[in-house]
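Chemist: Structure incoming, see below.
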Amino acid sequence: MIFWLFMLAMDLLIPCTMYVFGRRWTTGPPPERSNRSGYRTAQSMQSPDTWRFAHRYFGKLWMRFSLPMVPGTVLAMCLVLGQPVLTIAIWGGLICLLWGIVMVLPMPLTELALKRSFSKDGKPLS
């Protein structure tokens, strides 16, 4: 049971992190465009406007994606409650792998939104 709780906690780290950072970035991106933190792509770092837009857009997607991941994690882990440690470890690892994939899915959507909203030099198209 202790290992099951440990794996549940580890699998909940990704959706909880996504929600916390998503919420933080929707209210305001990291203050400086740097190579150390934030949503850093060539397009998002073009200008202060693209930096803010990318963080708000990406943050909203992370928040939306993370909400169903929490109950999904709990339900998925309940399927292996009481199983051998190896079964729990493999199942927990597969959940973590799946959440890692879901974690990066908003990236192409954000890049597409940036292309639709800004020119190549970072100026708004509207």
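Coordinate-derived values only; no laboratory data. On a predicted model such as this, the values are computed, not experimentally measured, just so you know. Cβ coordinates were reconstructed from backbone atoms using ideal geometry, including for glycine residues, and neighbour counts include every protein chain displayed.
Chemist: Take the Cα radius of gyration of region 1-101 and divide it by 2.2 N^0.38 Å, with N its residue count; two decimals is plenty.
Modeler: Against the empirical 2.2 N^0.38 Å value, I get 1.32 for region 1-101.
Chemist: Using the Cα centre of the chain as origin and beta-carbon charges of +1 (Lys, Arg) and -1 (Asp, Glu), tell me which of GLY38, ILE95, PHE53 is placed farthest towards the positive end of the dipole.
Modeler: PHE53
Chemist: Name the residues whose placed amide hydrogens come within less than 5 Å of the amide hydrogen of PHE118, ignoring near sequence neighbours (fewer than 5 apart) on the same chain.
Modeler: Close amide H contacts, sequence-distant or interchain: LEU125.
Chemist: Which ³J(HN,Hα) values, rounded to whole Hz and listed in residue order, are derived for region 83-96 from phi using the Karplus coefficients 6.51, -1.76 and 1.60 in 6.51 cos²θ - 1.76 cosθ + 1.60 with θ = phi - 60°, glycine and proline given as x?
Modeler: Rounded to whole hertz, the list is 7, x, 4, 4, 4, 4, 5, 5, 4, x, x, 5, 4, 4.
Chemist: Moving on to the next point. Within 10 Å, at most 10 other Cβ atoms, and a DSSP state outside H, G, I, E, B define an exposed site. Report the longest part of the chain free of exposed trypsin sites (Lys or Arg not before Pro).
Modeler: The segment 37-119 is the longest one with no such site.
Chemist: Would you calculate a helix-derived [θ] at 222 nm for the chain, using -39,500 (n - 2.57) for each DSSP H run of n ≥ 4 and dividing by the full residue count, to the nearest 500?
Modeler: That calculation yields -24500 deg cm²/dmol at 222 nm.
Chemist: Spelling out what I want: for every residue of region 65-79, take phi, set θ = phi - 60°, compute 6.51 cos²θ - 1.76 cosθ + 1.60 (Karplus), and round to whole Hz; glycine and proline get x.
Modeler: For region 65-79, the Karplus curve yields 5, 6, 4, x, 5, 5, x, x, 5, 4, 4, 5, 6, 5, 5 Hz.
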